[in-house]
Amino acid sequence: MFDFTLTKQKNAQPLLKEIISQSNGTQAFLQNVLEYFVNTYSVVKGSIFIYDNVTREFTQKAAYGFPMFPKARIILKIGEGIIGRSLAERRTIYTESAASMRGYIRHHNFPDDDTQTYLAVPLLQGKERVGAILLLRPTGEPFLAEEISSIRENANDVVSAIQNASALISIESAKRDIEKGMRPLEITGELSYRGSSVSHGWGIGVAHIFARKYSRLTSAQLSTAKTVRSIDEAIELVEKKLKESTEALNERLPEAASLIFESSAMIMRDDNFLGKIKALISDKDYSTPKAIVEVGNEFIKLFEASEDEYMQEKARDVEDLTLQLLEAVSEETPEYSILTRPHIIIADKLLPSDILRIAQGNVKGIALIAGGATAHVSLLVRSLDIPTIIVKELDLLRIPNGQEIIIDCANDYLYVNPSEERRYNFELRSQAQKLDESNITANNPANETVTLDGERITLMANINLIADVQNARKANFDGIGLYRTEFPFIMRQSLPTEAEQVKIYTRLIQEANGKPVTFRTLDAGGDKVLPYLYKTKEENPAMGLRSMRFTLRYTNIMDQQLRAILRAIQYTGCKNASIMFPMISSVEEMIAAKERLWGCVDSIQAELGDKELIIPNIGTMVEIPAILAVLDKIAEESDFFSIGTNDLIQYTLGVDRTNDSVASYYLPHHPAILRSLKTIADVAKSKGVHVSVCGEMGRDPRYIPFFIGIGLRCFSIEAIQITRARELISRFTIKQCEEYANDLLSLSLTSEIENRIDEFTDKIFSN
Ligand code: PEP
Ligand code: MG
């Protein structure tokens, strides 16, 4: 450490330079720089935060006066808190009463409230954000203007060095993580980690690190494994267990139930696999566990080396199978077996097939470390009601198995070794939530959706997995406004057959209990790539062979699906089913899609003979902006419109809906979007076409009154949002909604629209 006594002088530059050139390591450098500021400007607390351009988060990397640091670091998103605002707005923010400032966050790692004098100085390299310095003084002890400008000058002088340090830190920490291997994390008190939630709710359970490193698991097990069964007996036992779990899964996830059995059973009986294991046992005198591991490893390596994502996934199947065989031949329980204790899975990456395996155990939550969650994984965990969070801290992988963890998706936090008080608060919260929900239902015993002035609104459910229908039923849904048929395709490693699809669609109609069901045809591509179909990677899949473009190219896939839907409709006698086509971009495309449908109708009719054929309603998803120009013609080809706002926003504003770094451009209230929505509502009305909204905008309290105001009366939203939306809708009249919509439509500046939205929602929610 440096002697800071000298730095009390006005010109402290030489010492700062010295720190830059002499600090031993990047961490020490940042700490020395911070202590330089702390001592020079007599503050009682301070921090240096480093900004991550990719995650748009900034992390506390050096701290003074924060007793929890470095065990618990503060991580904030850009714009959050006073420091977040100073970084977002690229300006110094100074206040003598922080708590009264817009955006102030009383972070639980701030030990007290007595330091209300805040100075947040952004560290900028040109326009580029590097980080921020935060300095705090006790309440009533202001910074002088000269001090603030001196701090800013000094901060400018260290920006380049801090930028270098931040680059080094990321390399160092990656290296450290490799060197550290799996040395367990030392945990004394509660640790908290900021994350970003993928699903909802909260969960408590013991940590279970989802192990991918097969060799690490097996080497330990091999040395102690006792052989209690022959390989043939083991195969039989594993097959029996696979069948049992397939049946159990069939209840929750009929779309994927057969997947688990099929992929493993095939490999297990394969001559190359089983034959090789047997040969090693008989010819080379290998013990059975050793032979299983040898052949398992060989297959895993082969699959892992493949360039093809689909083949790489196969490596996981072999890994899974090998461990199950090992378990069956020996008395050892592999770490990977299905867990019955309430647990939280911690993993660096999960595939949809991993989620299926995990869902069979008593999982209470998932923490993902890197890479984020793909669209499939996010939708799966949401449908399965598994609280899931992404935390970008590799340290989580070193949490000892068995350590208690809480995942809180509502506030984007993960707690390791939670305090008694924290656990208690969570229990209270969940009880309060249940009470709240039952109050909502008690206040509206008919459980129908009506506005304050009595207009009936239809609330349908978006369904990804059949399991979602259960939640929809609980909320007294009005039907299924969007069934994303791609899920049975996504969760498998090959195309589902027509017969398998018929089974799934039939089950969906049955689960809907007589309520309307809307099937959307396969919307593959974009962020829903099916590895077994897309052999060549597209540079820009959102603009590529997605959705209708794909199915109209591979018409056998489209016809199979259409026939399967039609068969399920006939089989169940469902008179209120609909089929809608996604990503329609021209009148011709809609006509082409309908021609294929009529072709399938004809072939089913031929099979039915004299029996009455039920023909579904046919709809267009309005989500490609181009069709707005020809919407009147599209209306003539459609029984209904369903507005896919997720894509409508993405393509109208040119913003990738999955890219966090451009999230601030993804503005549902952009005038172009609001006016497009109005056009769609007007055309639908003039052409007498039913219209509903099925994108996420339709569940947002800020936009529901807008949609009602422009004339929509039907929404399709996630099942768990229905009860809240119903309660919200009961708070306003049609007239209020119309005035609100007209106001928003009259404005051209996004900021003005935001102000008007804030005013309206404040008024509605304060009642
Ligand atoms: C949409 O784009 O709004 C929509 C509902 O479809 P998806 O999110 O499945 O693309
Ligand atoms: Mg869409």
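The values are calculated or read from the model by the stated rules, or taken from the named source; none is laboratory data. Note that the structure is predicted; figures quoted are calculated from it, not measured. As a convention, Cβ positions derive from the backbone with ideal geometry for all residues, glycine included, and neighbour counts pool all protein chains shown. Note: accessible area is taken over every heavy atom of the protein model, side chains too, but ligands, DNA and RNA are not part of it. Shrake-Rupley method; radii C 1.70, N 1.55, O 1.52, S 1.80 Å.
For segment 443-766, a simple Cβ point-charge model (Lys and Arg +1, Asp and Glu -1, everything else neutral) yields a dipole of about 660 debye relative to the Cα centre.
If R0 equals 51 Å, the separation of the Cβ atoms of Arg269 and Ala672 corresponds to a calculated FRET efficiency of about 0.35. Between Arg456 and Ser661, the contour length at 0.36 nm per residue exceeds the Cα-Cα span by 69.8 nm.
Of Gly402, Tyr415, Leu562, which is farthest on the positive side of the dipole of the chain, counting Cα position, with +1 on Lys and Arg Cβ, -1 on Asp and Glu Cβ, and the Cα centre as origin? Of the listed residues, the answer is Tyr415.
The modelled label-to-label distance for the pair Asp602/Ala410, using points 7 Å beyond Cα in the direction of Cβ, is 5.7 nm.
Along the axis of the charge dipole computed for the chain (Cβ charges of +1 for Lys and Arg, -1 for Asp and Glu, origin at the Cα centre), the listed residues Gln116, Gln501, Leu712 are led at the positive end by Gln116.
Kirkwood-type hydrodynamic radius, segment 564-712: 16.6 Å, calculated from all non-identical alpha-carbon pairs.
Applying 0.36 nm per residue to the separation of Glu539 and Leu552 and subtracting their alpha-carbon distance, the gain on full extension is 2.6 nm.
Annotation: the antiparallel percentage among DSSP beta bridges lying fully within the chain is about 55. Per atom type, the chain shows carbon and sulfur on 50% of its accessible surface, probed at 1.4 Å. Structural size metrics of the chain, computed from C-alpha coordinates, are Rg and Dmax of 29.3, 100 Å.
Assuming a ≥ b ≥ c are the square roots of the Cα gyration tensor eigenvalues, decide whether segment 694-767 counts as rounded (a/c under 1.5), prolate (otherwise, with a/b larger than b/c) or oblate. Verdict is prolate for segment 694-767. Kirkwood radius, segment 443-766, all distinct C-alpha pairs, inverse of mean reciprocal distance: 20.4 Å. Each peptide in 384-392, 754-762 receives the mean, over its residues, of other Cβ atoms within 10 Å, and ordering these scores from highest gives 384-392, 754-762. Counting only Cβ charges, +1 for Lys and Arg and -1 for Asp and Glu, the dipole size of the chain around its Cα centre is about 400 debye.
Sorting the segments 720-728, 461-469 by their residues' average number of neighbouring beta-carbon atoms within 10 angstrom, most packed first, yields 461-469, 720-728. Site pair Asn755 and Ala279 shows an inter-label distance of 7.9 nm when each label is modelled 7 Å from Cα along Cα→Cβ. Each residue of segment 70-87 was assigned a 3J(HN,Hα) from its phi angle through the Karplus expression (A = 6.51, B = -1.76, C = 1.60, θ = phi - 60°), giving x, 4, 10, 9, 8, 10, 10, 8, 4, x, 8, x, 6, 5, x, 5, 5, 6 Hz with x at Gly and Pro. Could you tell me which of rounded, prolate or oblate describes segment 409-565, using a ≥ b ≥ c as the square roots of the eigenvalues of the alpha-carbon gyration tensor, with rounded for a/c under 1.5 and, failing that, prolate when a/b is larger than b/c and oblate otherwise? Since a/c reaches 1.5 but b/c is at least a/b, the shape of segment 409-565 is classed as oblate. In segment 571-637, Cα pairs under 8 Å separated by at least six residues give a relative contact order of 55 percent. Spin-label model, Leu302/Glu420: points 7 Å from Cα along the beta carbon direction are separated by 5.8 nm. Shape class for segment 56-100, computed from the alpha carbon gyration tensor (a ≥ b ≥ c): oblate, with a/c not under 1.5 and a/b at or below b/c.
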